[in-house]
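Reading through the structure tokens given below for one structure.
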Amino acid sequence: MAPTHVLRCCQRGLAWIPVVFIALVVCWSYYAYVVELCIFTIPSIAEKIIYMVFFHLSFVMFVWSYWKTIFTRPANPSKEFCLPKAEKEQYVKEERPESQQEILWRAAANLPLYTRTGAGAIRYCDRCQVIKPDRCHHCSACDMCVLKMDHHCPWVNNCVGFSNYKFFILFLCYSLVYCLFIAATVLQYFIKFWTLCRRKSAENCPKNELPDTHAKFHVLFLFFVAAMFCISILSLFSYHLWLVGKNRSTIEAFRAPVFRTGSDKNGFSLGFGKNIAQVFGDQKKFWLLPIFTSQGDGLTFPSRLVNIDPEQPTVSLQPEANKSIEDVPASPLSESQNHLLGNEQHANNVTEHLENDTGSETITIIMERES
């Protein structure tokens, strides 16, 4: 048998075949559209210029987003989610799952974790030897734990997750625009060439018919390829837009995340607007550019099960009659969670001013909450 590292290198090399195939198709489409269609086929100079300008705009944005999706390294859990050396050795030595879970529970006591396994245990990756943050999963193809993993895409030979999910959405968007533009502008010449191919003799062709050259094969095939990719990309792009609106990953769509209170497929949904902003950022002027603007750090995510959801009915947080305010537990929130929620209820100090009927006396109540 061949050494393991040789097989691994061969596997990595074969993984680039889909990317090379897409690159070859894109290069051929550029030649077929620019050279065969615009230069050799279209008679009008003005039409050539207009087609070339819009084609190159869509082409540049498509290639840019595709490049970013391929070569953006997936984000991994930080060092704080790794077990200390002594606890890691103890974890390996333990044979009972109950004892291993006790070690994980102690290590995860101060970590911002709200999701569990289906059995309610701490999510731990034996391969990477890290406690998995919320929405983090191990990718067998990349052989690493990926923050907010969506799926491993063979067409980009990369794992789609927190670091490149926006690039992947834009890649689908601009590839759809690219194919739609080609199909729409090539259609009239496709019909003319198709009609020309069906003529039995040159005498039957109208005077304004296009010449019978090798360009017709590129134009005919270009329309078929563009239409085929349009259909497949449209369904995938629509599905991922739906996932963004629901604030779910592909993995979470098939298997709902399990929280302390149980599984909930809408556990990370904060409302349509905030769900979109979590992927594309606060500034709309950067939404259509393949630059990283996603909110948060990929390690912690606000959840409607921990915080008040704007789409859900307001739940009273008043303590019971037999409990004091200090007895009500407060869940710690990270800075990224406070920024995403944009809710003043999680500020360190909440000041309430109550004025009496005469308006001459003001009572200030300051409620201290743990950050």
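The table below lists the values:
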read-out	value
Selection count, region 282-293, where residues are modelled with pLDDT under 95 and open to solvent by less than 30 Å² (accessible area, probe 1.4 Å)	0
Residues located in region 1-30, provided they are open to solvent by 40 Å² or more (accessible area, probe 1.4 Å), in contact (Cβ under 8 Å) with a residue 24 or more places away in the chain and in a helix (DSSP H, G or I)	TYR30
Positions within region 65-82 being in a helix (DSSP H, G or I) and either over 15 Å from LEU176 (Cβ atoms) or touching a Leu at 6+ places or on another chain (Cβ under 7 Å) (or both), in sequence order	SER65, TRP67, LYS68, ILE70, PHE71, LYS79, GLU80, PHE81
So LEU243, is it assigned to a helix (DSSP H, G or I), open to solvent by 20 Å² or more (accessible area, probe 1.4 Å), under 30 Å from PRO302 (Cβ atoms) and not small (Gly, Ala, Ser)	no
Residue tally, condition of a type outside the set (Asp, Glu), assigned to a loop (DSSP other than H, G, I, E, B) and open to solvent by less than 30 Å² (accessible area, probe 1.4 Å), over region 126-141	3
Test for ARG73: is it open to solvent by 70 Å² or more (accessible area, probe 1.4 Å), in contact with an Asp or Glu (Cβ under 9 Å, 6 or more places away or on another chain) and closer than 30 Å to PHE268 by Cβ	no
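The values are calculated or read from the model by the stated rules, or taken from the named source; none is laboratory data. Note that this is a predicted model, so its numbers are computed, not measured. FYI the Cβ positions are ideal-geometry reconstructions off the backbone, even for glycines, and counts take in every protein chain you see. Surface accessibility is based on the protein's heavy atoms, side chains included, excluding ligands, DNA and RNA. Shrake-Rupley method; radii C 1.70, N 1.55, O 1.52, S 1.80 Å.
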